[in-house]
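The values are calculated or read from the model by the stated rules, or taken from the named source; none is laboratory data. The structure displayed is predicted, hence computed values, not measured ones. Cβ coordinates were reconstructed from backbone atoms using ideal geometry, including for glycine residues, and neighbour counts include every protein chain displayed.
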Ligand SMILES: [Fe+2]
């Protein structure tokens, strides 16, 4: 198994980097409370709507976070996300911040140190907030609490790069279960078999349900090469295979990933976020236990790496 690189696990003036307690593929960043408070105070009068309507303000707020935490912070998170052995980190501001507005501002600052955001057609803006509760009548697994949301990558039905994904927990009440399930591609025992299968490079049509507000069909290879490494794009719900062979391949691939012993069920406290490289990390969600007052809200942002 890989070891966390010692040159990244260290203390900086305004933050510490440690190995994530649940995965040696992830880092956890402990931010100093004073630094988070200073950033939020500087943007006390900035509203999420300003960030939504005036795109350049998202980069301005990112620059202010970089000024508070130091250039080392920005360099470190980008290095982690691009590193094939890792590609993900968690951090939290729940001790210092508690308002939804602060969470939106902070998440936006983080993502704009990484790159640019994709428009989220489901919400009609650059981020989406979605709630999981006891009842649901939507048209995908996203908000259905009591079933396993299978491992997948994001952005499969849009025709633009989706290099990374951020998820931040805004609220959680009466929630037992429902952990984020994560799988690093290189930890999946049967990667070689599925990546070298004849159907692996077949273009599969992907279409999204009405709630996603994307009507176009896109065609994805399940596996592709990037920087000499195998990457994946897959989600079971939106793939429309043309043949029995393709369908059997996708079904068995999904089952193999779900049963991998390398799946991590991530604990994410309220006010915490996880950022993953979406080209070689898969994510999903365990089923919640039934509760009439179940309530959980997440924010997501997705986008592309900045061009360097
Ligand atoms: Fe997703």
Tell me, which helices (runs of 4 or more DSSP H) wholly within segment 25-110 include 2 or more residues that are crowded, with 20+ Cβ neighbours inside 10 Å? 33-42, 56-69, 71-82
Evaluate segment 240-260: report whether one residue or more is in contact with a helix residue (DSSP H, G or I) (Cβ under 9 Å, 6 or more places away or on another chain), away from the ligand (no atom under 14 Å from the Cβ) and part of a strand (DSSP E or B). no
For segment 129-138, name all the residues that are within 15 Å of the ligand (Cβ to nearest atom) and over 14 Å from residue 296 (Cβ atoms). 138
Take residue 299 and tell me if it is closer than 23 Å to residue 103 by Cα and within 14 Å of the ligand (Cβ to nearest atom). yes
Looking at 194, 126, 206, which is the one that is within 14 Å of the ligand (Cβ to nearest atom) and crowded, with 19+ Cβ neighbours inside 10 Å? 206
Matching entry among 305, 280 (being under 30 Å from residue 48 (Cα atoms) and at pLDDT 95 or above): 305
